[in-house]
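*Asks:* There's a structure below that I have some questions on.
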Amino acid sequence: MGCIRTLTVNGVCFDLEERAKLTPGVTSGCPGYCSGSSSLCHNRGRCIEKSNGYVCDCSQSAYGGTTCDQEVSVSFDMESSVTYTFQEPFSVMQNRSSQASSVSTESSSRAREDVAFSFVTSQRPAMLLTVSTFSQQYIAVILAKNGSLQIWYHLQTDRSPDVFSPVLTNLADGRFHRIRIHRVGKNLYVQIDQDIHRKYTLSSDAELILIRSLTLGKVTRRENLNEEVTHAASKGFIGCLSSVQFNHVAPLKAALTNRGSSLVTIRGPLVQSNYQTVTANKDKEQQGGGTQKDLAVIAGVVTAVVFIAACALAVISRLLYQQRRARRSGSIKEEENRHSMYTDYRTELHLHTSVRENMKEYYI
């Protein structure tokens, strides 16, 4: 979308921007579509103005789609791996070396990694992601034997690596989990799904020097890795990895869109999948099944309550009937007693009358 600041009519130049400032209801500048809303493009997608709209540039995003909101998912088996090779590490190192001579604190503040990905697996141990350098440094994110997430940072080759386990629960549970790892200097921030947030302090604030490659899944190259990390690397990864991002690089997306590129090496079968959608549907089905179970339980409880109420009503009706019958029986007996007493009285009266008549006859 172009922006016209001046307009010439019949040789007269009009300053449209100045006139906009003087005209009520009109503002200067060309905000366009992208500046009107910050939520048009998602997940690091860049909004680009067009003459009749906008488009989202998803090249710096691990997501796809028109608004950079679609998961890019790939299914792995034990032999699958994706290796992204970084370009010109020496020139990058030269630039960093020249900049690092200024202030050491500024250098440590630039030492940062931003990692994000999602996964679903039932395998343990498993290798999720590893970043290696030409200087024997590495970062590894693995699932341990018990399925817990482990983050390994080996920044100083003469020291033991830092190991962090944000949660001890088993994440190899067949469900989707989202991981976010962010480092600035010595501070390491870890987020798992939506509810787990951790902060750790590394033993070193050193930068990754001469980054060589990033590998997803099985690691075939002989690396200077810890024994536990090496064991996980040899096992590879079986499951689905989705929307992997390391700083500005999206290796999984590059593997799908740039097959044959010298930057991406693919080993073993690698199939684009919709695990995230399938898992979401399964979760909905499980939620629906849980809702149906809840409804069944509620229906059972209601039925039991109605049955108990009916039984109680029947018992009460029976007791009232028996009580009414007992009262009726008592009334009948009372009537019979009264009738018997009246009969006895009549009989006795008759006898007295007979005696009196006999006595009259006797006296005569």
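The values are calculated or read from the model by the stated rules, or taken from the named source; none is laboratory data. Being a predicted model, the structure only gives us computed values, none of them experimental. Backbone-built Cβ (ideal geometry, glycine too); neighbour counts: all protein chains shown. Heavy atoms of the whole protein, side chains included, go into the accessibility calculation; ligands, DNA and RNA do not. Shrake-Rupley method; radii C 1.70, N 1.55, O 1.52, S 1.80 Å.
*Asks:* Residue by residue through segment 128-142, what is 3J(HN,Hα) from phi via Karplus (6.51 cos²θ - 1.76 cosθ + 1.60, θ = phi - 60°)? Round to whole Hz and write x for glycine and proline.
*Replies:* Those phi angles translate into 8, 8, 9, 10, 10, 10, 6, 9, 6, 7, 7, 10, 9, 10, 10 Hz.
*Asks:* In addition: Treating the Cα atoms of segment 218-259 as identical point scatterers in vacuum, please give the log10 of the normalised Debye intensity I(q)/I(0) at q = 0.16, 0.18 Å⁻¹, two decimals.
*Replies:* Rounded to two decimals, the profile gives -0.58, -0.71.
*Asks:* Just add up the charged neighbours of His248: K/R +1, D/E -1, any other residue whose Cβ is under 14 Å from the Cβ of His248.
*Replies:* +1
*Asks:* Can you give the FRET efficiency for Thr220 and Arg325, using 1/(1 + (r/R0)^6), R0 = 56 Å, r = Cβ-Cβ distance, to the nearest 0.05?
*Replies:* E between Thr220 and Arg325, to the nearest 0.05, is 0.05.
*Asks:* Might you report the magnitude of the Cβ-based charge dipole of segment 192-276 about its Cα centre, with Lys and Arg at +1 and Asp and Glu at -1, to the nearest 20 debye?
*Replies:* 420 debye
*Asks:* Another one. Would you work out what percent of the accessible area of segment 174-283, with all protein chains in place, is carbon or sulfur (probe 1.4 Å)?
*Replies:* Within segment 174-283, the accessible surface is 46 percent carbon and sulfur.
*Asks:* Please report the relative contact order for segment 126-224, taking Cα pairs under 8 Å with a sequence separation of at least 6, and give it as a percent rounded to a whole number.
*Replies:* Reported relative contact order: 30 percent.
*Asks:* If you take the square roots of the eigenvalues of the alpha-carbon gyration tensor of segment 168-254 and sort them as a ≥ b ≥ c, do you get rounded (a/c under 1.5), prolate (a/b over b/c) or oblate?
*Replies:* rounded
*Asks:* Then there is this: Taking the Kirkwood radius as the inverse of the mean 1/r across Cα pairs, report the Rg/Rh of segment 114-187.
*Replies:* When Rh is taken as the Kirkwood radius, the ratio is 0.98.
*Asks:* A further question follows. Determine, from the Cβ-Cβ distance of Asn170 and Asp69 and an R0 of 45 Å, the FRET efficiency 1/(1 + (r/R0)^6), rounded to the nearest 0.05.
*Replies:* Efficiency for this residue pair is about 0.90.
*Asks:* Another question, then. Where does each of Tyr321, Tyr189 land when they are ordered by accessible area, with a 1.4 Å probe and the largest first?
*Replies:* These residues rank, largest area first, as Tyr321, Tyr189.
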